[in-house]
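*Asks:* This structure is in structure tokens; I'll ask about it shortly.
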Amino acid sequence: MSRLSLFNSPLLLGFDHFERALDRVSKVSSDGYPPYNIEQLSENALRITLAVAGFMMSDLSITVEDNQLVVRGKQTDDTGRVYLHRGIAARQFQRSFVLAEGIEVKGAWLDNGLLHIDLVRPQIESRVHTVEIRSAETASPKRAPVGSGS
């Protein structure tokens, strides 16, 4: 059975990467940990803030993998401690955000249990490119006429 796609119109050429991005978004974990905010700082700037209380900088990593921002956190358990009650578990997480084409990670910092990640979209320049139309005799590559033996 073939899959129905939003981008299966013959007028939408080369948009298969959008379809792959939608597939990645649908597979992202619905786990609500850690909670996060996304702010629009300006027309071309965003900030993602994740609440990562209890994590040190060495416990966190940020990578960009195929237009996907991946934030990972892994706390190590201190085996030297004896807990009478353990309500704060050492846990790990992975939070993913699909980035639009051209979005760049400008920087990240940890402040009072909040991990801030700044993103920027470079200004897109309008491009106009004229394509020359040539006659069949000057076009390349040359094709053999239909029905010829070569």
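*Asks:* Please go through the range 67-100 and pick out each residue that is in a loop (DSSP other than H, G, I, E, B) and touching a helix residue (DSSP H, G or I) at 6+ places or on another chain (Cβ under 8 Å). Step through it out loud before you land on a result.
*Replies:* Taking the range 67-100 first, the residues in a loop (DSSP other than H, G, I, E, B) are 67, 75-91, 99-100.
If the condition is that a residue be in a loop (DSSP other than H, G, I, E, B) and touching a helix residue (DSSP H, G or I) at 6+ places or on another chain (Cβ under 8 Å), then N67, Q75, T76 are the ones that fit.
*Asks:* Filter the range 42-66 down to the residues that are free of Cβ contacts under 8 Å to residues at least 40 places away in the same chain and not in a loop (DSSP other than H, G, I, E, B), then identify the one that is farthest from G87 (Cα to Cα).
*Replies:* Going through the qualifying residues, I end up with S42.
*Asks:* Now for a separate question. Given the condition among the small types (G, A, S), within 24 Å of G14 (Cα to Cα), out of contact with any helix residue (DSSP H, G or I) (no Cβ under 8 Å at 6 or more places or on another chain) and exposed (fewer than 14 other Cβ atoms within 10 Å of the Cβ), answer yes or no: does some residue in the range 102-121 qualify?
*Replies:* Taking the range 102-121 first, the residues among the small types (G, A, S) are 102, 107-108, 113.
Pick out the ones that are also within 24 Å of G14 (Cα to Cα) and you get 102.
Remaining after also requiring out of contact with any helix residue (DSSP H, G or I) (no Cβ under 8 Å at 6 or more places or on another chain): 102.
So of that shortlist, the ones also exposed (fewer than 14 other Cβ atoms within 10 Å of the Cβ) come out as 102.
Among the residues of the range 102-121, at least one is among the small types (G, A, S), within 24 Å of G14 (Cα to Cα), out of contact with any helix residue (DSSP H, G or I) (no Cβ under 8 Å at 6 or more places or on another chain) and exposed (fewer than 14 other Cβ atoms within 10 Å of the Cβ), which makes the answer yes.
Here, each number is a calculation from the coordinates, and none is a lab measurement. Computed from a prediction, not measured in an experiment: that's the story for all the values here. Neighbour counts are summed over all protein chains in view; Cβ atoms, including those assigned to glycine, are modelled from backbone coordinates with ideal geometry.
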